[in-house]
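Presented below is the structure to which this report refers.
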């Protein structure tokens, strides 16, 4: 995240909000065959997942399409920032993200988010200020597969002059910060994504992430093509989405890493 919005949106999500010790890990209780069958499911009713993430075996939070409003409250200043969180089915996810970021203006800042290396250090954020929107969009289309299907890659696009930010995070949720939100609500509704005030997201229960060495290499290529200078800032505002526990479980070409139940702090 840029220095501008770092001050505005710092620590919007609380980290280390883990499930109670007595909580049963549904993945640990599953046989190899049960796990393989579960990871092979990529659609729940009409909602289709990308390859980046899978819900818990017990489906305490079943993937569903929709969006809800939240409010980020800064602990220090008490300032409030309106937020939209959305889960969009795979068929329209990337195109909706592209339409949204184009709303931010002709020149934006970009944050590339990674948890490829090691969960000991949490997220690593790489950021660049002032990139032309047509250049950004063209580059993102070249890396659509990475952005859609890698559970260790996220990206945020922001206009620090507004300030507004749109995040396409590792769980492939779309999160919009800042006013006005109405244009983004319209885009979501136009894509068939309806408001559901009581909906739960896959991040709010146990789940697993998928990644691979191929995606890690593609991430470095994307980093180069975006002209990122290597600036890093750990423990970003979305760290509560991640408390990764490394696992040797694999599915096809990709490894799946389980996350515990993480509640999102900072949002009302």
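Read-outs throughout are calculated quantities, based only on the coordinates presented, and are distinct from any laboratory measurement. Not measured: the values here are computed from a predicted model. Using ideal geometry, Cβ is built from the backbone for each residue, glycine included, and neighbour counts are taken over all protein chains shown.
By the gyration tensor of its Cα atoms, with a ≥ b ≥ c the square roots of the eigenvalues, what is the shape of the range 88-223: rounded for a/c under 1.5, prolate for a/b over b/c, or oblate?
In terms of gyration-tensor shape, oblate.
Please report 113, 169, 195 as a ranked list, fewest other C-beta atoms within 10 angstrom at the top and most at the bottom.
Exposure proxy ranking, most exposed first: 195, 169, 113.
Can you give the extra length, in nm with one decimal, that the chain gains between residue 25 and residue 60 once fully stretched, where that is 0.36 nm per residue apart less the Cα-Cα distance?
Stretched fully, the residue 25-residue 60 segment lengthens by 11.4 nm.
Exposure proxy check: 199, 100 ranked by fewest other beta carbons within 10 Å?
Ascending number of Cβ neighbours within 10 Å: 199, 100.
For the residues 128, 214, what sequence is obtained by ranking on other C-beta atoms within 10 Å, fewest first?
Listing 128, 214 from fewest to most nearby Cβ atoms yields 214, 128.
Using 1/(1 + (r/R0)^6) with R0 = 41 angstrom and r between the beta carbons of residue 71 and residue 41, what's the FRET efficiency to the nearest 0.05?
Working from the Cβ atoms, E equals 0.75.
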